Amino acid sequence: DPLDPPRRQRAARGPAFQGYTPGERIAGAVAMVVAENGYAGTTTDAIAARASISLSTFYAHFSDKHDAGRAALEMSGAQIPALAVPAARRADGWHEGVRALYEALCAYFAAEPAMASLALIGVYGAGPRACGRRDHVIDSLTQMLAPGFAEKPRAPEVGPEAIAATVYALMREQLRRGGPASIGAVVPLASYIALVGFVGPDR
């Protein structure tokens with residue numbers, strides 16, 4: 001017989017995951033300190049204190065706060081596709097997959113508010129190399145739009161880049177205005193922006 005759908009329940013929030021290694025704990029601490037103090041106001045002392053490690057342990061893993069910041073972005077950059085891409089692939093068709101991808105991405109940012117702040121706002125203070133890491137993640141996610149060109153070969157080639165930049169800006173502004181918990185509000189508009197050039201406004 002068909003399984004009864006489970007009742008949706010709000011899971012009790014336990015202690016935040018701190019990482020398995022000192023490097024992961026430091027990367028997570030970078031995101032939290034940047035969210036509180038901004039990138040310019042972040043110091044290695046504050047990062048070490050938040051990670052509950054000594055400065056000597058910090059410097060055993062990273063050369064400075066910029067190095068640790070790039071590691072934090074790299075960590076979140078690995079987590080985001082690991083969550084979003086499978087969610088998109090499980091969807092019924094690529095159109096639904098685009099929405100599923102944005103839902104998973106926003107769910108990650110809501111669950112990891114410090115990483116959301118680092119990836120959407122703090123990254124600009126971290127310099128061009130950090131922005132390059134962020135852009136690499138964005139580019140990997142835009143591959144979900146590739147089937148659109150099979151349906152509509154004449155779609156502008158710049159489309160995925162423009163879509164990614166627009167959706168990223170939407171998420172950043174939603175984070176600024178409503179906080180991480182509200183970021184899922186952009187999913188319908190983000191899905192529309194991503195799909196309208198391929199399937200038209202009515203669909």
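Only residues in the range 174-201 that are over 16 Å from A110 (Cβ atoms) count as the first member; pair them with residues that are among the β-branched types (V, I, T) and open to solvent by 40 Å² or more (accessible area, probe 1.4 Å), Cβ under 8 angstrom, at least 6 apart or cross-chain, and list the lot.
Close Cβ pairs satisfying both conditions: I193/T166.
What is the number of the single condition among (1) in contact (Cβ under 8 Å) with a residue 12 or more places away in the chain; (2) of a type in the set (A, V, I, L, M); (3) open to solvent by 50 Å² or more (accessible area, probe 1.4 Å) that L145 does not meet?
Single failed check for L145: (3).
Looking at (1) at pLDDT below 90; (2) surrounded by fewer than 20 Cβ atoms within 10 Å (Cβ to Cβ), which is the one condition that is false for A110?
(1)
Please find, among A164, A155, A190, A194, the residue that is open to solvent by less than 30 Å² (accessible area, probe 1.4 Å), in a loop (DSSP other than H, G, I, E, B) and not β-branched (V, I, T).
Numbers: A164 fails: in a loop (DSSP other than H, G, I, E, B); A190 fails: in a loop (DSSP other than H, G, I, E, B); A194 fails: in a loop (DSSP other than H, G, I, E, B).
Answer to the selection: A155.
What residue, of I163, I121, is within 16 Å of Y102 (Cβ to Cβ), hydrophobic (A, V, I, L, M, F, W, C) and modelled with pLDDT under 95?
Every option except I163 fails the conditions.
Identify, please: which residue in the range 34-89 is of a type in the set (A, V, I, L, M) and not in a helix (DSSP H, G or I) and is, among those, nearest to V187 (Cα to Cα)?
Among them, the one singled out is A40.
Do we have A40 as modelled with pLDDT under 90 and within 15 Å of A126 (Cα to Cα) here? Walk me through it before giving the result.
Numbers: modelled with pLDDT under 90: yes; within 15 Å of A126 (Cα to Cα): yes.
Yes; evaluated as a whole, the condition is true for this residue.
Condition check ((1) touching a strand residue (DSSP E or B) at 6+ places or on another chain (Cβ under 6 Å); (2) open to solvent by 70 Å² or more (accessible area, probe 1.4 Å); (3) among the aromatic types (F, W, Y); (4) over 21 Å from P113 (Cα atoms)) across all residues:
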| residue | (1), (2), (3), (4) |
| --- | --- |
| Y39 | no, no, yes, no |
| A46 | no, no, no, no |
| A60 | no, yes, no, yes |
| A72 | no, no, no, no |
| M75 | no, no, no, no |
| Q79 | no, no, no, no |
| A84 | no, no, no, no |
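The values are calculated or read from the model by the stated rules, or taken from the named source; none is laboratory data. Since we're looking at a predicted model, the values are computed, not measured. No Cβ is skipped: glycine too gets one built from the backbone with ideal geometry, and neighbour counts run over all protein chains shown. Side chains are part of the model used for accessible areas, which takes the heavy atoms of the whole protein and leaves out ligands, DNA and RNA. Shrake-Rupley method; radii C 1.70, N 1.55, O 1.52, S 1.80 Å.
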